[in-house]
Amino acid sequence: MTSILICVAALAILIAVPAYIAFATHNRLVALDQRCETAFGDIDAHLKHRQNLIPPLVETVRGFAKHESDILLGVIQARAEALQATSPEMRLSAEQNLTQNITALIGIAEHFPELKASTHFAELRRELVDAENRVTASRRFYNLAVEEYGTTLRQFPGSQIGRLFKMNSRTRFDLGIERVLIDEPLAVKF
């Protein structure tokens, strides 16, 4: 009788432990995925703030550099694409393009001393740098969340649970903003 109870207890443990591990792993993956969603929401909010700074910046530059219409048009089109992007991958591509166009727009100031001396332009540049810094901080948090989620998806038993529940890895979000803020001498003066 005791050996039957021991066998039943051992069988119960053999079933319960893997089930617990599977449920715990699934719950961890769901929590990490939600952390990625929340972090991407933070990036999205900061990107929208950055996008709202663009129209007044374009108008200020237009007042001083009317013949730079190609750059102004490029910024306006890049902003429109960024606003219309729906998926994270499309958003990343559109925001990278917008960052390049903003950098070109800011670079115009070097050729127009009146624009560079404008207090309104200087204030918009400061706000833009502040927005870029907030995007960078949010992006770093998002990328850390994506890395942790991806690592858990690649490790056992996360790989099996992820495959079973069709959980996919996420794409890192890199706009190249640090390069713009560090490598470009214009940006350092923001």
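All of the numbers you see were taken from the coordinates with simple rules; none came from a lab. As the structure is a prediction and not an experimental result, all values here were calculated from the model. Quick reminder, even Gly has a Cβ in these numbers, built from the backbone with ideal geometry, and neighbours come from all protein chains shown.
Data table
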item: Helix axis angle, 2-64 relative to the chain longest principal axis, alpha carbon, degrees; result: 10
item: Rg/Rh for the range 29-88, where both radii come from Cα atoms and Rh is the Kirkwood radius; result: 1.19
item: Environment charge of residue 57, counting only residues whose C-beta is closer than 11 Å and scoring Lys/Arg +1, Asp/Glu -1; result: +1
item: Chain lengthening between residue 144 and residue 164 when straightened (0.36 nm per residue, less Cα-Cα); result: 4.8 nm
item: Percent breakdown of C-alpha pair distances by 5 Å bin, ordered from the shortest bin, for the range 38-188; result: 2, 9, 17, 19, 17, 12, 8, 6, 4, 3, 2, 1, 0
item: Acute angle (nearest 10 degrees) that the helix 119-154 long axis makes with the longest principal axis of the chain, alpha-carbon atoms; result: 20
item: Residue 120/residue 171 FRET efficiency (R0 35 Å; Cβ-Cβ; nearest 0.05); result: 0.40
item: Qualifying aspartates and glutamates (Cα of each under 19 Å from Cα of residue 116; at least 8 residues distant if same chain); result: 59, 68, 127, 130, 184
item: Share of Cα-Cα pairs in the range 1-106 lying beyond 24 Å, as whole percent; result: 52
item: Share of Cα-Cα pairs in the range 73-153 lying beyond 19 Å, as whole percent; result: 52
item: Additional length obtainable on full extension of the chain from residue 110 to residue 20, 0.36 nm per residue less Cα span; result: 26.1 nm
item: The chain: calculated mean residue ellipticity at 222 nm from DSSP helix runs of at least 4, using -39500 (n - 2.57); result: -28500 deg cm²/dmol
